[in-house]
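Report on the following structure.
The values are calculated or read from the model by the stated rules, or taken from the named source; none is laboratory data. Just so it is clear, the model here is predicted, and its values are computed rather than measured. Because the Cβ atoms are built from the backbone with ideal geometry, glycine has one as well, and the counts that use them run over all protein chains shown.
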């Protein structure tokens, strides 16, 4: 079996629901640093740490890049390169660089092909970002092909499933600078209650608006959902070491499950200082590859690693990262934010085969690229869990006619 063609599709779908929670919290118009904040607050570069350094760009649409590999036997494999903005970039890298490296190859040489793709730009310093995202899309599609060729789901190929259902938490609830009685405050509480009513056993809040503001919001949500619902928090790198420790101690008091990304991800030693000072687990999702992850682990800077299968090199690299975290006694769980059904399915397979798993993230927005592009739905939350797809490969069937509506 040989790969005969590689196709990459830039995909954009109108968001039928509310603003994506990450954009609502940290985007340009978000509650953290955007125009909606109260008048008179400091500017983006007038305080430390400067929020301007952690202001990501978000698309108003739901964007991603899907990859389709076709073999000489007629089998088709699907993958996804994480592209929440500018999906045309990953598409161009795949078609203009990576395709030549995999056409003619045997999909079963998946690790060799991963190294070949990574080596293509290694000398030039491309060890994260768009290149790793593009590699992720091709790699996932290779695993999908291997599964279809053998008649096995991907988690079987990874060594078997430790669990058939994955416990998930809802992502997410944007905190707010606006106080009690305001529409933003009521929206925060209503969102949290609504997720519990939908059967989720846990939820994640987007914070990073100042220690006092964050604590006030988490306290209110804790009161709204009760003591039995897990609460996790994501600060999106908006604090320094001392602020992170101060915040973490307050979150410990509130029974929060982990503090994600308290610092910018470049500050390895800072993460070590925070993790060693706190009892609350420290997590991070900005993990581009196993080499970066190792820097955190050697310093004792992480309790929960959250690599993204569509951003950190695909299933091949996530498999390596799981083994690495387990060797250091650190938990691991896939990061799953905005994306398509391919992203969710690939994450579920990795989660099933992860011995040191903790609850997995699950974006709860109205997703036109989720079950809506499949021939049959597989991504249903039941009692706070999602069943791992049991079919060959990813275990999902892409409906190409439905997908075609969103291809740029």
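Selection of segment 226-249 for residues being more than 21 Å from residue 48 (Cα to Cα), under 24 Å from the mean Cα position of the chain (by Cα) and not in a strand (DSSP E or B) yields only 229.
Quick check: anything in segment 130-141 surrounded by fewer than 21 Cβ atoms within 10 Å (Cβ to Cβ), touching a helix residue (DSSP H, G or I) at 6+ places or on another chain (Cβ under 7 Å) and within 28 Å of residue 263 (Cβ to Cβ)? The answer is yes, given that some residue of segment 130-141 is surrounded by fewer than 21 Cβ atoms within 10 Å (Cβ to Cβ), touching a helix residue (DSSP H, G or I) at 6+ places or on another chain (Cβ under 7 Å) and within 28 Å of residue 263 (Cβ to Cβ).
Checking every residue in segment 308-328 against the condition of being surrounded by fewer than 21 Cβ atoms within 10 Å (Cβ to Cβ), touching a strand residue (DSSP E or B) at 6+ places or on another chain (Cβ under 6 Å) and either modelled with pLDDT of 95 or more or closer than 23 Å to residue 143 by Cβ (or both) gives zero matches. Checking each residue in segment 372-396 for being crowded, with 16+ Cβ neighbours inside 10 Å and without any contact (Cβ under 8 Å) to a residue 40 or more places away in the chain picks out 372, 373, 374, 378, 379. Within segment 278-300, residues that are on the phi > 0 side of the Ramachandran plot sit with their Cβ atoms under 7 Å from residues that are surrounded by fewer than 16 Cβ atoms within 10 Å (Cβ to Cβ) and in a helix (DSSP H, G or I), at 6+ positions apart or across chains, in these pairs: 300/276.
For segment 51-91, the set of residues classified as out of contact with any helix residue (DSSP H, G or I) (no Cβ under 9 Å at 6 or more places or on another chain) and crowded, with 24+ Cβ neighbours inside 10 Å consists of 62, 87, listed by residue number. Listed conditions (1) under 30 Å from residue 206 (Cα atoms); (2) surrounded by fewer than 15 Cβ atoms within 10 Å (Cβ to Cβ); (3) touching a residue at least 24 places away in the same chain (Cβ under 8 Å) are all met by residue 108, apart from (1). Candidates in segment 185-200 are the residues that are buried (at least 18 other Cβ atoms within 10 Å of the Cβ) and out of contact with any helix residue (DSSP H, G or I) (no Cβ under 7 Å at 6 or more places or on another chain); of these, the one that is farthest from residue 362 (Cα to Cα) is 185.
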